[in-house]
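First up is the structure itself, then whatever we jot down about it.
No value in this document is a laboratory result; all are computed from the given coordinates. For clarity, every value in this text was computed on a predicted model and none was experimentally measured. We place every Cβ from the backbone using ideal geometry, glycine too, and count neighbours over all the protein chains shown.
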Amino acid sequence: MRVPDEVLEEIKSRISIVDVVAQHVSLKRTGKNWKGLCPFHSEKTPSFVVSEDRNAYHCFGCGCGGSAFNFLMEAEGLTFLEAVKVLAAKAGIVLEFSGEGKDASARSEQSQLRALLDLASRYYRHQLTNGRAGAEAREYLSRRNVPDDAAENFNLGYAPGGWDALTRYLKKKGADLSLSAKAGLIVEKTSGKGFYDRLRNRLVFPISDSNGRVVSFGGRSLDGSEPKYLNGPESPVFIKSEVLYGLHQAIPDLRTSRRALFVEGYLDVLRLHSSGFRTALASLGTALTAAHLRILRRRADEVVLIYDGDDAGKKAAFRSLDLFLAEGFPCRCVILPENHDPDSFIDSGGDLASLISSAESLFEACLEDAVIRFDATRPEGKLAGAEFMIKKLSSVSDPLAFDVYAKRVGEVFNLSEKAVRGRMRGGRDRRKENGPNASLAKNDDPLDRAVLECLLYAPAERARFIEGNLQEHMRSGRVRGLIDFVARRVEPAATFPIDAAPDDFRDLLSELLIEDRRASPPFDILEAKLKLRSLKERASNLTGDIRAAEESGDMDKVSILLREKTQIDKEKSKLENAVNQRISH
Ligand SMILES: [Zn+2]
């Protein structure tokens with residue numbers, strides 16, 4: 001069920017977010033805001049700010065933020081709806097809920113899907129713990145050293161063999177079968193006549209979102225049938241690239257350790273949790289994505305990757321370096337000894353804790369590997385290795401980090417820093433400085449951020465942003481995501497509906513609403529700067545292409561490219577003049 005935005009705003013207007021937070025955090029007034037020690041990460045000097053005017057909180061240490069509802073969800077482990085109910089009661093507002101079951105059409109599809117997933121989860125669990133057929137699965141778990149409490153904590157289950165055990169159960173419970181198929185529980189027969197179970201004779205791993213709600217299932221085959229792991233399809237409640245297996249169970253420990261351990265599979269997660277490494281997570285058969293890192297950012301300060309000691313493990317770890325560099329997220333990596341996975345390593349008495357605490361940065365590990373793999377003792381190897389690393393640096397957006405990395409690549413391959421920089425064609429303007437209150441903001445492009453801030457505080461300009469199609473000139477992922485939302489709303493900053501914002505962007509929104517604002521340049525200057533930046537980038541790419549065409553002797557191409565370049569240079573100087581004139585006025 002979805003509570004309308006107006007009702008949410010009404011609730012918030014009748015209660016004080018300061019009162020809500022003060023139940024958990026001791027707050028002191030500073031100017032127009034309130035400040036305290038963040039309850040979501042450990043800190044000694046307060047960076048947790050609550051604003052009564054903005055009806056929002058934000059921690060400038062760990063970057064989390066949101067409305068009073070979000071605070072209650074995080075602090076008390078409630079779902080959004082539960083938090084709404086608590087505060088509605090406080091505000092004296094009666095929520096009108098449509099009756100369950102009876103008025104099914106009125107309930108949103110999402111909540112129906114969740115109810116079906118929940119039903120299936122309880123069914124699978126019962127089969128594992130009580131069913132006769134579950135014996136094989138129980139045996140498998142004990143063979144893999146998964147203790148009962150871990151199986152319970154992760155709500156493991158068993159899907160019986162045969163074709164329609166779950167289908168029959170759902171039917172008996174009066175469940176909507178096409179909706180059950182949409183949830184990925186059952187599959188429609190190609191004949192169109194009836195359904196069969198998706199998971200058959202498999203150990204079942206419920207996959208939940210960060211609030212612990214089941215969104216899908218993964219199943220491991222127990223009889224050698226392929227594939228070994230079968231995941232449910234995406235659905236309105238399950239977006240694979242945005243879910244991390246084990247996150248819900250890891251949240252309490254992440255609060256204190258702020259370090260997420262990333263492993264490869266479901267069983268690795270379970271094994272680590274039951275061995276005391278309770279911040280272990282895994283993605284669902286995909287590589288880590290930017291969305292994963294955004295979800296982790298509010299809960300962790302670093303990620304430690306733990307990969308098997310084979311070539312595939314190494315490759316997978318190094319592949320994710322680009323992503324960590326682009327997101328500016330600290331990452332270290334543990335490559336286990338050859339022929340070991342986390343399970344066998346712990347079994348053999350290996351000291352995983354010390355491997356984790358002494359793990360080197362992913363960048364450094366990748367660099368050292370490149371030296372060996374490309375054989376940097378040969379000139380060709382040196383060139384190829386350096387080239388490989390420089391390419392990775394192209395995703396670094398923080399100028400300071402870029403400097404440090406570029407220097408290190410130069411050192412290791414014995415090249416001058418200038419040569420390394422020279423290779424970075426089409427690179428960004430690295431001379432830009434970060435603003436004073438950079439914290440997490442340092443990962444956002446400063447110009448992108450200025451545009452977003454301007455739109456948030458100047459609603460009249462939002463339409464111009466959309467009509468001018470300026471989104472395509474934006475660089476930073478999270479700014480780009482939020483600006484799309486902001487530009488389409490009409491509310492001024494003072495009453496901006498923080499609860500309507502997509503989950504991933506709420507932290508940034510609360511930050512912008514609460515931070516001390518410096519006067520931002522007018523929109524038309526920012527617009528010109530955005531366009532100018534794109535033009536500069538194209539010009540610099542063209543220069544490279546022209547050089548390449550010259551070297552290959554393709555003079556026709558050279559003249560075409562030169563013409564294009566002249567055109568761009570013209571546009572560029574026109575914009576530059578416009579900007580300069582506006583600034584000098
Ligand atoms: Zn914090």
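Structure summary
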{"read-out": "Highest to lowest packing among 112-119, 542-549, scored as the average C-beta count within 10 Å", "value": "112-119, 542-549"}
{"read-out": "Charge sum, other residues only, whose C-beta stays under 12 Å from L352's C-beta, Lys/Arg counted +1 and Asp/Glu -1", "value": "-4"}
{"read-out": "Calculated Rg and Dmax of the range 230-303 using C-alpha coordinates, Å", "value": "11.9, 34"}
{"read-out": "Cross-link partners of K189 among lysines (Cα-Cα below 20 Å; sequence separation of 8 or more within a chain)", "value": "K171, K172"}
{"read-out": "Alpha-carbon centroids, the range 1-52 and the range 262-282: separation in whole Å", "value": "33 Å"}
{"read-out": "Alpha-carbon centroids, the range 175-223 and the range 463-517: separation in whole Å", "value": "37 Å"}
{"read-out": "Cβ-based net charge around E264, under 9 Å, with every Lys or Arg adding one and every Asp or Glu removing one", "value": "-3"}
{"read-out": "The range 391-416 versus the range 296-326: alpha-carbon centroid distance in Å", "value": "19 Å"}
